[in-house]
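Read through the structure below, which is laid out as structure tokens, and then see the notes.
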Amino acid sequence: MIGREEKKENDLFFTCSLIDYIARKTCNKRADVVNTLGKARIQKIYDLADVYHSDSIERVSEDFIAESGLTKGAFDNISTARYAVPSHWDIGKVYKRLILGISREKKLDIIDALFAAYNSFVSDKIDDYNSSFYYDAPGNILNAYLYSQIEPE
């Protein structure tokens, strides 16, 4: 059965949501989580997302934290948020759309586009829950990445 989106897009959504969940749990920036997990683990998560998605995200995150040796950091964008905090699923959707756009525009495979997204200045903007950037239009977030600037409000 085909859902509302293609399977690999849903796999990317789960991958990004898991990255955000791990980042929150370990108090690390999303780029640090991605870089510590590395390409092989991220590819594994993406390739097996439908399997991992059937398990508890808590348990899956614990496995990848332990396997990668990811340690507790000092970045906590949750407790510093002055407004409602988006869920890891909400942020996973933001990153999924950004990564798909980067992949399409820069002709990168999904994993390379993922690393590009998380290691860009846009990632810091998305993860600032005291700004409105993370819920801006997907095209505006992609353009901020592509042109290295944020549109004035």
Worksheet item: Any idea which of GLU105, GLU67 is assigned to a helix (DSSP H, G or I), closer than 20 Å to GLU6 by Cα and open to solvent by 40 Å² or more (accessible area, probe 1.4 Å)?
Response: GLU105
Discussion item. One residue is enough: does segment 3-10 have a residue meeting the conditions open to solvent by less than 60 Å² (accessible area, probe 1.4 Å), under 14 Å from ILE126 (Cα atoms) and not hydroxyl-bearing (Ser, Thr, Tyr)?
Written reply: no
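Restricting to segment 104-136, name every residue that is of a type in the set (A, V, I, L, M, F, W, C) and either within 26 Å of ALA49 (Cα to Cα) or over 17 Å from the mean Cα position of the chain (by Cα) (or both).
Hits for segment 104-136 are LEU108, ILE110, ILE111, ALA113, LEU114, PHE115, ALA116, ALA117, VAL122, ILE126.
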Practice prompt. Of the numbered conditions (1) out of contact with any helix residue (DSSP H, G or I) (no Cβ under 7 Å at 6 or more places or on another chain); (2) part of a helix (DSSP H, G or I); (3) of a type outside the set (A, V, I, L, M, F, W, C); (4) within 15 Å of ASP90 (Cβ to Cβ), TYR129 fails exactly one; give the number of that condition.
Written response: (2)
Worksheet item: What do you reckon, is ASP76 under 15 Å from SER17 (Cα atoms) and assigned to a loop (DSSP other than H, G, I, E, B)?
Response: no
Worksheet item: How about segment 41-82: which of its residues are aliphatic (A, V, I, L, M) and either over 19 Å from PHE115 (Cα atoms) or without any contact (Cβ under 8 Å) to a residue 60 or more places away in the chain (or both)?
Response: ILE45, LEU48, ALA49, VAL51, ILE57, VAL60, ILE65, ALA66, LEU70, ALA74, ILE78, ALA81
Worksheet entry | Only one of LEU114, LEU98 that is open to solvent by less than 20 Å² (accessible area, probe 1.4 Å), in contact with a Pro (Cβ under 8 Å, 6 or more places away or on another chain), closer than 25 Å to GLU9 by Cα and of a type in the set (A, V, I, L, M) | LEU98
Worksheet, complete the sentence: In segment 74-93, anything open to solvent by 20 Å² or more (accessible area, probe 1.4 Å) and within 12 Å of the chain's Cα centre (by Cα) is listed as SER87, HIS88, TRP89, ASP90, LYS93
Practice prompt. Determine, yes or no, whether ASP20 is surrounded by 20 or more Cβ atoms within 10 Å (Cβ to Cβ) and among the acidic types (Asp, Glu).
Written response: yes
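The values are calculated or read from the model by the stated rules, or taken from the named source; none is laboratory data. Because the structure is predicted, anything quoted here is derived from the model rather than measured. Note: ideal-geometry Cβ built from the backbone for every residue, glycine included; neighbour counts use all protein chains shown. Heads up: the accessible areas ignore ligands, DNA and RNA and are worked out on the full protein's heavy atoms, side chains in. Shrake-Rupley method; radii C 1.70, N 1.55, O 1.52, S 1.80 Å.
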